């Protein structure tokens, strides 16, 4: 299913023309996907330094920790959040200022990735009731243990990295974000299987579980550059809106991704009874018979093998993916607009295009 | 089984005579148990302020968080760690110094308790223990996932409290302790079911999982009072040794406690195949037949209902509890000795006696 094709294309009112990686041209606008690649290429040295910091600080005399850490590092991921910290710092002129230490943004980017990885590990923890349903229980219990403890270790490491950095302001931003993430995750758990969840409540959940860390990752870029509050707030807004767009697309992909192509399993959220906008929109727009179906599969968790196909059909017939992606697109536009307080620069344009890219991305 | 009765009594080489709660007399020495009660009474105002801070900062707009938190608060516990922070601060003359804010020790005591509670919540997930202080553990009532997420919330809150306090030194102490705790827990997981674990390795585990936070709780007391490094180090040593003694006794109680009296299930560690000193000592001192038994029940986790009784009998016949408690007593003595850098005071004597009390305590 081609997500990109179903979306309105990004505005191309500015100069047309793609910039290839490494080109210094300041004219033209990248396509969203090229923008993310260009941004990564532009920040390649910093990202490599950040990856080295991640590997170095994942080390521990307890062998299981670097073992598991190596597995996580190997699993990779786009490292989008640390990239945002690095890009935000550069957007604010860091580390080009002569009075600043040269690599604070690198350590803090690693710190942001540690917080993200810790929450991912803890998100993977499942309840024993779920364990009994089919998973190899000894393995799963070992997984729970390792996930919780290594997650705690990474979280503690993140705060050690912040301590090394020495900024109480950064500490406040990232500890506040950490608390908000946990609140978002708990709220998500509380809304699970509950179709009476309002869209506002759902947006609160994704703000907590995703957007808060995006916002913090960007804001600390302005802090290390010692920029005024208006620029901090602008980057916070950019990160928040980008994170909202990112999570909305993620939730859409759970009902729309081409599994073979994108390496994401369709229906994970469905099976868990997770309340996301595709489900809320389909439920809202459904007939009474459709609603009875949703209540059975989501609220009573009574799911037969063919129910996912019916859910996908209902989501398609109600344009629930379209509803979700239009909302994502609004956030992405707001993210780009938030950057308008900064003077025009290649970095600003790239970040703006990255926001647009989030609503096009294959995962 | 009376643990206290099986132990050598504390030295009474100093002045004899018990001080009752509230008495101001500076002569005489409390019995261990009276010492903890006297310490709590002496610090009652601070402890009440700390409890208020705990309740206030456990609040969240996400209802499940204060609900679960209330469950934890109701479960109570002695709040030994925050008590240590408060007592250490007072031992160092805080908050009597006119140039210091009056309540930093209270906020940091709450912070220490948050870190402790977070690790307890995560430990319950890991160990699948059904009883925590005689009540159903939080994960049994709310589920693994809720325990993990609320633990994360409390951990984040702890770092918010540190940020409010504003001391990078405190931040370093408590983030280092947090990383060490996680390492200790992972190391414990790695030694589980492994009878070839050395006593040194076991001591590393309990240093990480318990003593590190005791040490940090005490050290921050010296930091808020702005005392020289020697006093910080002395309180760190006091906390470390106290924590080691505390955990050794805890591990002894798992094979010796009167469940109805103490609210602790005998045999939890046994059933989990946890490697603790009572098991290591009994294994070390056992016959080849005994060792085969231990390998079956601990290494292969093959346990029949009558095996706990046999384990208890072997532990009794090898004096493994005695071995464990003698080691605990050594640490307790070292804890008391560490305080010798401080001038004699009622607080110093009470803390010294509390160390002795740890090896007598019913839980």
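The values are calculated or read from the model by the stated rules, or taken from the named source; none is laboratory data. Quick caveat: nothing in here was measured; it's all calculated off a predicted structure. Methodologically, a virtual Cβ is constructed for each residue, glycine included, from the backbone with ideal geometry; neighbour enumeration extends over all protein chains shown.
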key: Condition met for residue B:200 (more than 16 Å from residue B:246 (Cβ to Cβ) and surrounded by fewer than 22 Cβ atoms within 10 Å (Cβ to Cβ))   = yes
Set B:326, B:336, B:310: member being part of a helix (DSSP H, G or I), in contact with a helix residue (DSSP H, G or I) (Cβ under 7 Å, 6 or more places away or on another chain) and within 30 Å of residue B:219 (Cα to Cα) = B:336
ask   = Mind checking which residues of region B:142-154 are more than 7 Å from chain A (Cβ to nearest Cβ) and crowded, with 24+ Cβ neighbours inside 10 Å?
value = B:147, B:151, B:154
query = Which of the residues belonging to region B:315-358 are crowded, with 23+ Cβ neighbours inside 10 Å and more than 23 Å from residue B:233 (Cα to Cα)?
reply = B:315, B:320, B:321, B:324, B:325
Qualifying helices (runs of 4 or more DSSP H) (wholly inside region A:69-140; at least 2 residues being modelled with pLDDT of 75 or more) = A:80-91, A:104-123
inquiry  = Out of everything in region A:292-307 that is touching a helix residue (DSSP H, G or I) at 6+ places or on another chain (Cβ under 8 Å) and outside any helix (DSSP H, G or I), what residue ends up being surrounded by the most Cβ atoms within 10 Å (Cβ to Cβ)?
reply    = A:303
key: Selection from region A:37-62 of residues that are within 14 Å of chain B (Cβ to nearest Cβ) and assigned to a loop (DSSP other than H, G, I, E, B)   = A:58, A:59, A:60, A:61, A:62
inquiry  = List the helices (runs of 4 or more DSSP H) inside region B:155-251, counting only whole elements, that have at least 2 residues being away from chain A (no Cβ under 13 Å) and at pLDDT 95 or above.
reply    = B:199-206, B:212-224
task = Report, by residue number, each residue of region A:203-214 that is farther than 29 Å from residue A:292 by Cβ and crowded, with 22+ Cβ neighbours inside 10 Å.
result = A:208, A:209, A:210, A:211, A:212, A:213, A:214
task = Hey, could you check region A:252-270 for residues that are surrounded by fewer than 16 Cβ atoms within 10 Å (Cβ to Cβ) and in a helix (DSSP H, G or I) and say which is modelled with the lowest pLDDT?
result = A:260
key: Number of the condition not met by residue A:188 [criteria: (1) touching a helix residue (DSSP H, G or I) at 6+ places or on another chain (Cβ under 8 Å); (2) farther than 28 Å from residue A:229 by Cα; (3) free of Cβ contacts under 8 Å to residues at least 60 places away in the same chain]   = (3)
inquiry  = With crowded, with 19+ Cβ neighbours inside 10 Å, in contact with a helix residue (DSSP H, G or I) (Cβ under 8 Å, 6 or more places away or on another chain) and farther than 25 Å from residue B:149 by Cα as the only criterion, which of A:230, A:281, A:285, A:217 stands out?
reply    = A:281
